[in-house]
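Every read-out reported here was derived from the displayed coordinates using simple, explicitly stated rules and does not represent laboratory data. What you see is a predicted model, and the numbers here were worked out from it, not measured in a lab. Neighbour counts run over all protein chains shown; Cβ positions are idealised from the backbone, glycine included.
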């Protein structure tokens, strides 16, 4: 195969992965939104509080369970049965051990938050780790082989089953027990579907030797993932300690809506970026070209989506899940502004992982996590809004730390980064500000929400067309060819 054909195939793979990943993630987030609306109308912020307090423990345990092996397998040139088999059995053993530790620690967790209900609730909620351990190996297979469609189907079916179970339990008065059951059902269904799409099967003849070289790559990712999950959940942890259960519940719901929007882009990036960059190899010029292409498309989608979410947060939340969640909507407005930068950060971290720079990834994430913790503790007496603004500004600025290390890998300059990202950031900001002032006289919030969405979408698309946005042209061209 010629270099030109290889380049075309890679470009098609990237486009297909991005667009399928983006569309399927949008469907998944719509399903989450659909079922989440029913749950939020039935339950209250107080019901979401206990699960929010446990989020950081669930996240860290999930990182320990994965152990970075999914990324390690994706980065290896040759992977065989023994690799997957070792990962499969190791994850089951480590998950059982973690559950035993957390089971014993449940009274300590409840005492820390002064919430006795967390003893039994945490022991039940953490069962999801054991169930999820059976799905790590097939998930690694689908990720390595760029089976974005198959993974998306697994997630869609999981969300549907989870939503139905949660609604039934909420209607029958199980409140936070229903939310905990949702997480268990989600990993159960996703694991079953991943196995269905994976041709590989485990055997009882186990050789753990492959873990030696897999762990040599993944141990830094393991530490990094622990701190990443810590960073993402530290806010609810601090709220649980210094504020009320209702405050934790409001933040948990705002973070849930934030993740639904952010995952449309972030999930698309994570599904494609690392395996594609790893397959390119050591050709820095080609890696830079592909990376900038993906970064421009990420900015093209992320900024209007997340800034738009901030624009409509209050109307959206109060209409669909009632005024009892107004405080959550105000938190979402702030979170969404940081969310526009989060997929770009994922691009840089995927670049470092695909380049084998897991050590840099690890230390940057550790420092970021420790500084975030110190910042939130220092700001804890100034109110939740001030803490949240400081948290978002700090994390957005940390993007330039990732850029510094990316420069060493693919020679991407600050000027390149700004020329790729700044146009879409400024265009999106202009569109949202203009839309806000155009719609400000409207008093009916139903009409206001519809007007904001319609005007912003039309204005952004029109201005992108007028400015000859390459990403808009290629997206339309790709969709038209697929349809044809």
Take the alpha-carbon centre of the range 438-464, take the same for the range 312-386, and report the distance between them in whole Å. 26
If the viscosity is 1.306 mPa s and the temperature 10 °C, what translational diffusion coefficient in µm²/s does Stokes-Einstein give for the range 43-222 when Rh comes from Kirkwood over Cα pairs? 92
Any idea what the relative contact order of the range 333-458 is, in percent, if you count C-alpha pairs under 8 Å spaced at least 6 apart? 26
Unit-weight point scatterers at every alpha-carbon of the range 301-395, Debye formula, q = 0.13, 0.16, 0.21 1/Å: log10 I(q)/I(0) is -0.59, -0.81, -1.06
Please report, in whole Å, how far the alpha carbons of the range 139-266 spread along each principal axis, starting with the longest. 49, 33, 31
Note: the range 243-484, point scatterers on Cα, Debye, no solvent; log10 I/I(0) at q = 0.10, 0.11, 0.15 Å⁻¹ equals -0.54, -0.65, -1.14
Using alpha-carbon positions, what is the distance between the centroids of the range 185-206 and the range 153-179, in Å? 22
Projected convex hull area of the range 191-241, Cα atoms, direction-averaged, in nm², equals 6.3
For a Förster distance of 60 Å, can you work out the FRET efficiency between the beta-carbons of residue 93 and residue 242, rounded to the nearest 0.05? 0.95
Where the convex hull is taken over the Cα atoms of the range 73-138, what is its projected area averaged over directions, in nm²? 5.3
Ranked 209, 176, 99, criterion: other C-beta atoms within 10 Å, fewest first: 209, 99, 176
What is the extension gain from residue 438 to residue 454, computed as 0.36 nm multiplied by their sequence separation minus the C-alpha to C-alpha distance, in nm to one decimal? 4.6 nm
